[in-house]
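To start, the structure itself, in structure tokens.
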Amino acid sequence: QLFIPQMWKSRFPEVMREYIRSEGVKREISDLNIHQWLQSYDAQFGLWVKIAKRLKVSTSKVNQYYHNTWSKQFYTNIRPYIHELRAIVQTIEQTNKTTSQLVKEVKNIFQQQHQNLQFHSGQLQQTIYRLYYRGGRTEQSRNASDSDAFIATLVQQLENEKPLVIDTAKCFKFGKDEVLDE
């Protein structure tokens, strides 16, 4: 059988359906059902090993693909909320908090304001960091037009963005975020 790199991604949902059926689920299984099942499944690491074997790729690739790419389809798109996030960042950054405190507070405020929506946690956090470091800070030498140009660029990047891949093994092993491109 010919193996084509990246083809495993298109097979991911069907392999997941097969696995869930092997766990005793008999009804029709949609992509949303897969996502919901994975959110409630306890032994995910063992699951990723089994799925990776069936797809003939590494466990970390399957895990990262699910968390950083495939699952995003079930969350609200962050793009329409960029300006709102920027305004919150600019308000909170004036309180002299550390960066991590600022990001946590902005995320909490934003999620409180949108309790009826679900945002991908990693994408939301990454967007807040981007806004803070490259476009949200008001006390720096940035003027409003620079910030607006950055927002337009960020929205464009989010539209065309390759999925962010975080190597969770390195992150947990060394306590640092390691970002890799596929």
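Please treat every number below as a calculation from the coordinates, not as lab data. Quick caveat, the model's predicted, so the values are computed rather than measured. Here Cβ is always computed from backbone atoms with ideal geometry, including for glycine, and neighbour counts include all displayed protein chains.
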Under Karplus coefficients 6.51, -1.76 and 1.60, residue-wise ³J(HN,Hα) of segment 66-73 in Hz, glycine/proline x: 4, 6, 9, 9, 4, 5, 4, 5
Residue pairs, from the table LYS72/LYS97; LYS9/LYS53; LYS9/LYS72; LYS53/LYS107; LYS26/LYS53; LYS9/LYS107, whose Cα atoms sit over 25 Å apart: LYS72/LYS97; LYS53/LYS107; LYS9/LYS107
Sites VAL49 and TYR75, calculated FRET efficiency, Cβ-Cβ separation with R0 25 Å, nearest 0.05: 0.45
DSSP-loop chymotrypsin sites (Phe, Trp or Tyr not before Pro) across segment 4-64, with at most 10 other Cβ within 10 angstrom: none
Low-density loop cleavage sites - trypsin sites (Lys or Arg not before Pro) in segment 12-87, where at most 11 other Cβ are within 10 Å (DSSP): LYS26, ARG27, LYS56
